[in-house]
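Coordinate-derived values only; no laboratory data. Every value quoted in this text rests on a predicted model; they were computed, and no experiment measured them. Quick reminder, even Gly has a Cβ in these numbers, built from the backbone with ideal geometry, and neighbours come from all protein chains shown.
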Amino acid sequence: MRGRRARPRRQRPRRAVIVVVATGVVIVLAVLAAVGMLITRAAQARGAQPPGVGTTLVVASDSRAAQAADDATASAEQRAAAAYLAEQPTAYWLTPERDPIGEVRERIAHLAAQAREQNASLAVVVYGLPGRDCGGFSVGGLDDADYATWTGEIGTALAGARDVQRIVLLEPDSLALAPACGDLDDRARQLTAAVERLQGDNTWIYLDAGHSDWHSPSVMADIIAGTGLLERVRGFATNVSNYNSAAEEFAYAHALAAELGGGHAVIDTSRSGAGTNGEWCNATGRLIGEPGGAFGDEVVDTNLWIKPPGESDGTCNGGPPAGRWWADAAVELTRDVR
């Protein structure tokens, strides 16, 4: 599932390119890339600010943690853990299973309204890519046509919340897993089209960059550069759904940005408090990490809670299916703060 560990390959993969067979298609893609860069620069010129230290995400009233806090069948300790996590600013995961075509726009409108009330930023994780998770614990996703429709609806809804800072974490694991899945060219094409639908004024998009225990910075840089997307997004996200310490990911983000010749990062610290024990799926003995917006510099925009603590990584180490609430995990993750 999200945050899968893998050993860096000894050989650097060749850079992926989107294969086009018609000169007209090449021209169209070049024009779209230029338009995307102009949109980003125009937003910056109008004073839209990227995420940074002090960024606070919206606290969704109907998160799985909030629902678990009201579960009368849970123990007092389980409800207390859920209630604590329900109060923490955390990204919201958009999946076609939970927020399908025809309904996802309403979800974003609801989140944006709460963000206005809280004077907060809206961060969403878009997680519905065709072939998602490459047959792993989070297997699923949409076909190409439905993915285009779904991400189009997300983009339209985000554009309707221009007064709210929008942060998009685009398809965790999609790029870091691509070499193992053997579909980097397809994913580059799909992500390029998704960026076109999602980008807009004050929308800051971050690509998947794995984490510090997965690919080396040079290998991950080759993968990202092969998409041709770095100039059209804000940057990349690291440690999403993993457990590495903030210090390890901070160093990794800097090394990766250096390999790329630039770029910005956000780091997931939702479960970084005890560092990693070598497991990526429902690792035991872990703790919640630094609160979002706690640190940043000229490369790392800031840290955020991206993976909602208490939600399972998959049916491993005794956990329920991916994304389901796991009360015992919530208790363990919050044992030092309640």
**Study point:** Matching residues, region 57-69, being part of a loop (DSSP other than H, G, I, E, B) and either touching a strand residue (DSSP E or B) at 6+ places or on another chain (Cβ under 8 Å) or farther than 17 Å from LEU304 by Cβ (or both)
**Key:** VAL58, ALA60, SER61, ASP62, SER63
Study note, to complete from the structure: Those residues of region 79-105 which are under 21 Å from TRP204 (Cβ atoms) and of a type in the set (Asp, Glu) amount to ASP99
Revision key, fill the gap. Scanning region 246-278 for residues that are closer than 21 Å to GLY318 by Cβ and in contact (Cβ under 8 Å) with a residue 60 or more places away in the chain gives SER270, ARG271, GLY273, THR276, GLY278
Review point. Can you find a residue in region 267-284 that is among the aliphatic types (A, V, I, L, M), in a helix (DSSP H, G or I) and under 19 Å from ALA209 (Cβ atoms)?
Key: no
Exercise for review: Considering each of ALA294, ALA247, ALA330 in turn, give the residue that is hydrophobic (A, V, I, L, M, F, W, C) and under 23 Å from THR95 (Cβ atoms).
Suggested key: ALA330
Practice item. Please enumerate the residues belonging to region 70-123 that are among the β-branched types (Val, Ile, Thr), within 20 Å of LEU304 (Cβ to Cβ) and in a loop (DSSP other than H, G, I, E, B). Key: THR90, THR95
Check your understanding: Quick one: would you say LEU177 is surrounded by 24 or more Cβ atoms within 10 Å (Cβ to Cβ), over 18 Å from PRO308 (Cβ atoms) and either hydroxyl-bearing (Ser, Thr, Tyr) or in contact (Cβ under 8 Å) with a residue 60 or more places away in the chain (or both)?
Key -> yes
**Study point:** Pair list, Cβ < 8 Å and 6+ apart or interchain, from region 135-164 residues that are of a type in the set (Phe, Trp, Tyr) to residues that are outside any loop (DSSP other than H, G, I, E, B)
**Key:** TYR147/GLN190; TYR147/ALA194; TRP150/VAL104
Check your understanding: Are any residues in region 222-245 in contact with a Phe, Trp or Tyr (Cβ under 7 Å, 6 or more places away or on another chain) and without any contact (Cβ under 8 Å) to a residue 60 or more places away in the chain, and if so, which ones?
Key -> ILE224, PHE236, THR238
Practice item. Quick one: in region 132-147, of everything that is surrounded by fewer than 16 Cβ atoms within 10 Å (Cβ to Cβ) and among the hydrophobic types (A, V, I, L, M, F, W, C), which residue is nearest to GLY323 (Cα to Cα)? Key: VAL139
